[in-house]
Structure formats: C-alpha cells, structure tokens
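Notes for the one structure printed next.
The values are calculated or read from the model by the stated rules, or taken from the named source; none is laboratory data. What you are looking at is a predicted structure, and each value in this text was computed from that prediction instead of being measured. Using ideal geometry, Cβ is built from the backbone for each residue, glycine included, and neighbour counts are taken over all protein chains shown.
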Amino acid sequence: MANGKRKLKRWISAASLGGLAACLLAFPLAASADGLDVTDARMRVLPGDMPAAGYFRLDNTSDKRVVLVGAKSDAFEKVELHRSMNKDGMASMESVSRLEVAPDEHIEFAPQGYHLMLMKPTGALSAGDEVEITLEFERHDPLTVDFEAVPPTSM
C-alpha cells in the first residue's frame, strides 16, 4: 500500500508540473515598465528572407500620454511601425512615424492593422523562437519585449 501511495504522489507531482508548464506556455509573452504593459507579443515568421510582422497589445496605465516612435532588434536589420489598410477593396500598407496612446488607453498591433514590419532577418527564425524587440518612445525609457515566433497559419 505504501508503494501505491508513493506512485500516486509521483504521478500527482508530474501532473502538477505538466499543468504548470502548459499554463506558462498558454499565456502570451509580456513586459512592463513605468506605466506601460505589453502583452501577447508574437511575430509571424515567413520562410527565408521574407519580412516578419510583430503583433502585441500596448497598454498605457500611466497618467501621461505615451508616444511610440520606433522599434529595433538585433534579429533584424530594419524595424518599422506600419499600418495595413483596405480602401475601396485595395489592400495597402504605410509606414507610421509615431503612435500616441492616451492615459489608461491601449493600442493593438494585429493583422490587418498596426504592426511592426521586421525586415532583413540577421539569422534563421523558426516557430517557437523568442526574439527581443525594443520599443522606443518619446520622453519615456525604451521597453524590451520578448516576442515569440509563430507560423503564419496561427494568425
């Protein structure tokens, strides 16, 4: 009987660790600093040298307006803020120089809208990889965020 209890305890411990790992993987990557919260940070990677796209939610929990002015990453030669649009049935994209986020407001970077255009990768990237991207702000410290690489079919 004691042997059975030991096996049950081991099984419960293993199941608990497995459950904890699953929970950690289920929650999107996040970062916070001085009234800014970034959640659901992921980037859609495409094969070869094709550009990737970065998506996330930026919450301004401070009492001051925050202005996002750019981003950078050692994993890409060039990172730009972009916006996708659909006008009269024609899809287009434009570069954005700055995005304001009012106090207690948020902005979503999502497919068919705002996104980080991640150009010229400096190395191979695969789904599951994590890449640091630093968001740059006007009159606010930069915020470095870990983005998880995801396949294009996941979005």
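Here are some notes:
- Yes/no for Gly48 being surrounded by 10 or more Cβ atoms within 10 Å (Cβ to Cβ), farther than 22 Å from Asp146 by Cβ and at pLDDT below 95: no
- Residues of region 141-155 that are in contact (Cβ under 8 Å) with a residue 60 or more places away in the chain and hydroxyl-bearing (Ser, Thr, Tyr): Thr144, Ser154.
- Selection from region 42-72 of residues that are within 17 Å of the chain's Cα centre (by Cα) and under 14 Å from His106 (Cα atoms): Tyr55, Phe56, Arg57, Leu58, Asp59, Asn60, Leu68
- Test for His82: is it touching a strand residue (DSSP E or B) at 6+ places or on another chain (Cβ under 8 Å), touching a residue at least 12 places away in the same chain (Cβ under 8 Å) and either within 16 Å of Val38 (Cβ to Cβ) or surrounded by fewer than 15 Cβ atoms within 10 Å (Cβ to Cβ) (or both): no
- Matching entry among Leu99, Leu36, Leu68 (being closer than 20 Å to Ile133 by Cα, among the hydrophobic types (A, V, I, L, M, F, W, C) and out of contact with any Asp or Glu (no Cβ under 8 Å at 6 or more places or on another chain)): Leu99
- Members of region 138-152 found to be surrounded by fewer than 19 Cβ atoms within 10 Å (Cβ to Cβ) and more than 14 Å from Met43 (Cβ to Cβ), listed by number: Glu138, Arg139, Asp141, Pro142, Thr144
- Hits in region 115-139 (condition: without any contact (Cβ under 8 Å) to a residue 60 or more places away in the chain and farther than 20 Å from Glu77 by Cα): Gly128
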